[in-house]
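Peer 1: Sending over a structure as structure tokens; questions will come in a sec.
The values are calculated or read from the model by the stated rules, or taken from the named source; none is laboratory data. Computed from a prediction, not measured in an experiment: that's the story for all the values here. For neighbour counting, all protein chains shown are included, and Cβ atoms are generated from backbone atoms with ideal geometry for every residue, glycine included. Accessible surface areas use protein heavy atoms only, side chains included; no ligands, DNA or RNA. Shrake-Rupley method; radii C 1.70, N 1.55, O 1.52, S 1.80 Å.
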Amino acid sequence: MTGPIGAGKSAALDAFARHGAATISSDATVHELLRDDPGVQRELVERFGPDVVGSDGADRARIAEIVFNDPEQLVWLEELLHPRVVAANLAWRAEQEARADPPLLTVAEVPLLYETGAERRFDAVVVITAPEAIRRERRPLADAREQRLLPEAEKVALADYAYVNDGTLEELDAFVADVVGKLTA
């Protein structure tokens with residue numbers, strides 16, 4: 001599952017979980033790496049200095065301030081994190097498949113799915129989108145990251161399922177229930 005910042009991917013991921021899918025969030029994996037991975041923290045300190053890591057792990061706000069104002073630094077950070085996120089997602093998927101009672105459906109939230117070529121690792125793609133005004137309302141601090149993303153219309157055209165998340169949570173839930181039904185039939 002993918003979509004632009006503020007579209008409601010997290011709410012959709014929660015809905016997939018409510019409907020029985022095993023779920024994983026790439027954003028959550030990044031947060032875990034920044035908080036808990038000593039190798040990532042060491043690389044961050046070497047690149048950005050000691051003030052980017054504290055007792056609770058990497059200072060995400062400080063790192064964001066650095067990388068979202070400098071495209072070269074953002075590329076470096078993505079090159080550091082993306083392989084680790086992919087490895088974590090693949091390991092999680094293998095764990096799900098190895099379970100005695102594996103889930104009928106696994107859903108991974110991957111914000112940069114098309115931008116990184118990750119769509120090839122999945123059987124189906126769901127795009128969650130929303131009108132720009134609604135996205136800005138939900139995430140007023142959306143930044144230069146969006147400018148690097150594949151245009152929303154292209155993502156929708158490439159997706160197997162797409163939903164414009166401009167209604168209620170119940171409507172989003174109904175869309176997710178329909179997708180789960182189709183994918184597990």
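Peer 1: Which whole-Hz ³J(HN,Hα) couplings does the range 78-86 yield from phi under the Karplus relation 6.51 cos²θ - 1.76 cosθ + 1.60, θ = phi - 60°, glycine and proline marked x?
Peer 2: My calculation for the range 78-86 gives 5, 5, 6, 8, 4, x, 5, 5, 4 Hz in order.
Peer 1: Per DSSP helix of 4 or more residues, -39500 (n - 2.57); summed, then divided by the residues of the chain. What does that give at 222 nm, rounded to the nearest 500?
Peer 2: Details: 8 runs with 97 residues, N = 185.
Taking each H run of at least 4 residues, the total per residue is -16500 deg cm²/dmol.
Peer 1: Report the net charge of residues surrounding Asp166, where surrounding means a beta-carbon distance below 12 angstrom and charges are Lys +1, Arg +1, Asp -1, Glu -1.
Peer 2: Local charge sum for Asp166: -1.
Peer 1: What part of the accessible area of the chain, given as a whole %, is carbon or sulfur when the probe is 1.4 angstrom? Don't skip to the answer; put the middle values down first.
Peer 2: Values: 5210 of 10150 Å².
Of all accessible area on the chain, carbon and sulfur atoms account for 51 percent.
Peer 1: How much length is gained on full extension from Val75 to Ala100, taking 0.36 nm per residue of separation minus their Cα-Cα distance?
Peer 2: Numbers: separation 25, 0.36 × 25 = 9.00 nm, distance 3.98 nm.
The Val75-Ala100 span can extend by a further 5.0 nm.
Peer 1: Tell me, in nm to one decimal, what length is gained between Ala91 and Ala133 on full extension, where the rule is 0.36 nm per residue of separation less the Cα-Cα distance? Display every interim value, and only then the final one.
Peer 2: On the way: separation 42, 0.36 × 42 = 15.12 nm, distance 3.70 nm.
Extra length available between Ala91 and Ala133 comes to 11.4 nm.
Peer 1: Moving to a separate point now. Got the relative contact order for the range 4-117 handy, in percent, Cα pairs under 8 Å and 6 or more residues apart?
Peer 2: Details: 90 pairs, mean separation 47.0, N = 114.
Over the range 4-117, the number comes to 41 percent.
Peer 1: Any chance you could run the full-extension gain for Arg42 through Ala177? It's 0.36 nm times the residue separation minus the Cα-Cα distance, nm to one decimal. Walk me through the numbers on the way to the answer.
Peer 2: Details: separation 135, 0.36 × 135 = 48.60 nm, distance 4.26 nm.
Contour length minus the Cα-Cα distance gives 44.3 nm.
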